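The structure under discussion appears below in the form of structure tokens.
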Amino acid sequence: MYLTSEEEKAYDGEYGWAYQVSMKILVRLGDLFGATRLIPVESAHISGVSYKTLGDAPIDFLEALVSKGGKAQTLSTLNPSSFDPHYLVKSFPQNYRGKQLHIIDLYSKMGIDPTLTCTPYEIRKPQLDGHLAWAESSAVVYANSILGCWTNREGGPSALAAALIGKTPNSGVHQAENREANVLVKVEPHLQDETEFGALGIYTGKLLKDKIPFFKGLSNYTNEDLKQLSAGLGSSGMVSMFHYKELCNEKGLETVSVEMKTLKDAAEGLSTVSEAPDLIFIGCPHCSLNEIRGVAEALRGKKVKNGVELWVCASRYIKRKAENYVGIIERAGGHVLCDTCAIVTWVKNLGMDTMMTNSAKTAYYAPTLNEVDVTLAPLSKCIKTACGN
Ligand code: F3S
């Protein structure tokens, strides 16, 4: 891969170990994926923040980067951590809290904004056609497909390396010729709610691996529905983007049809239990303002029944903007949490064995990552279950 003289100096260690190791990661990946050069990125979004999912493994590496003076060279943000600062924080042992805060502090010392959200585009929308280096698959698929940005699916280390160098290898969907659809997915049923969009994502993600689908037949969708589709696709396969508006030429494309029965089976297959949940979780990916409003409207005049927890997860930014709706949710007995979600915290340690969610991504991951049983249900049913009426 071609390196400019500045990049070569970083590679050779002239700017210190933190930049050298970051450059080595990028060059290695660039060589692996056939990039000929590095390109600047408008922003980096880094996963690998939650102490629950990470454990102690990366702490030494992060400490070394900080001690050697590593600083982000582009706008950089962080994925969710293992607890929120008010509600869950009180429930975990001091050493978990200390380790988590230390990890966040190390990233902050490198100039990375501790946004602690998986929807960084809600805080600052990246530019159309902007090149990014984002980890967090749901945000990658959403950024490429809905926001018209260009980002590969980075892992935590490569997104961090891109943050420190301010560049990423010019490969994969950073190149226009790799962004074209190569499978036509005919969606025959009219999708009814967010769970069906998410289930469609999980089903097609498994089927397509890393191919780029054009979904034909989607109608009456909201951005939140497309966010669920993005999250589903990002979870079960290696898809980095999809098309859904128009396609110039469908001819010759491999075609897959998704019928009503397939979709129903996919959605039902994501539920592992039908009994009453201990936890009802809304906000995977983190809620938009519209979604928080939807929860508040559904809860108006109701109370969450005893013995059930209702969590609504969002970024701090959205929580602040949604102050009035947050008040309604909290007066009804729900909790609006920021900085975390039910997947990246220790729900099992809180005594929860069953969860209901409107997110197909959560339903897909929770039985293995959290060892809880799950029911996938749309928001209306989640709220009805939470309130018992
Ligand atoms: Fe975000 Fe947690 Fe879902 S990080 S995408 S809410 S699993």
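The values are calculated or read from the model by the stated rules, or taken from the named source; none is laboratory data. Keep in mind that what you see is a predicted model, and the values were worked out from it rather than measured. For neighbour counting, all protein chains shown are included, and Cβ atoms are generated from backbone atoms with ideal geometry for every residue, glycine included. Just the protein is used for accessible areas: all its heavy atoms, side chains included, with ligands, DNA and RNA removed. Shrake-Rupley method; radii C 1.70, N 1.55, O 1.52, S 1.80 Å.
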Problem - Per-bin percent of Cα-Cα distances, region 4-146 [10 Å] - result: 11, 35, 36, 15, 3, 0
Completion exercise
Normalised Cα Rg of the chain, dividing by 2.2 N^0.38 Å with N its residue count, works out at 0.99
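Quick check: at a probe of 1.4 Å, how many percent of the accessible area of the chain sits on carbon and sulfur atoms?
49 percent
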Exercise for the section: Can you grab the distance from the C-alpha centre of region 7-50 to the C-alpha centre of region 145-204, Å, no decimals? Expected result: 21 Å
Problem - Partners for LYS251 among lysines (Cα-Cα distance below 25 Å; same-chain residues under 8 apart left out) - result: LYS186, LYS206, LYS209, LYS211, LYS216
Practice task
For region 254-389, just the Cα set please: Rg and Dmax, both in angstrom.
Solution key: 15.0, 52
Handout entry: DSSP beta bridges in the chain [antiparallel fraction, %, rounded to 5]
Key = 10 percent
Handout entry: Surface/4 of the Cα convex hull for region 269-346, nm²
Key = 5.7 nm²
Exercise for the section: For region 298-331 and region 217-294, compute the distance between their C-alpha centroids and round to whole Å. Expected result: 24 Å
Handout entry: Around LEU218: net Lys/Arg minus Asp/Glu count, Cβ-Cβ under 14 Å
Key = -3
Handout entry: Rg/Rh ratio calculated on Cα atoms of region 162-297 (Kirkwood radius)
Key = 1.01
Handout entry: Accessible surface, per residue, of region 238-356 when the full set of protein chains is kept, probe 1.4 Å, Å²
Key = 47 Å²
Handout entry: Mean ellipticity per residue at 222 nm, deg cm²/dmol - from DSSP H runs of n ≥ 4 across the chain, formula -39500 (n - 2.57)
Key = -12000 deg cm²/dmol
Fill in the blank from the handout: Residues whose built amide H sits under 5 Å from the amide H of GLY283, excluding neighbours closer than 5 in sequence, are CYS313, ASN358
Practice task
Please compute the net charge surrounding ASN324, taking Lys and Arg as +1 and Asp and Glu as -1 over other residues with Cβ under 14 Å from its Cβ.
Solution key: +3
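If R0 is 35 Å, what FRET efficiency do you get for ASP353 and ARG124 from their C-beta distance, rounded to 0.05?
Once rounded, the FRET efficiency stands at 0.40.
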Handout entry: Accessible area expressed per residue, region 7-50, with surrounding protein chains retained (probe 1.4 Å, Å²)
Key = 47 Å²
Fill in the blank from the handout: Per the rule of 0.36 nm per residue minus the C-alpha distance, extending TYR87 to GLU6 adds in nm 24.5 nm
Practice task
Provide the per residue accessible area, probe 1.4 Å, for region 176-219, rounded to a whole number of square angstrom.
Solution key: 42 Å²
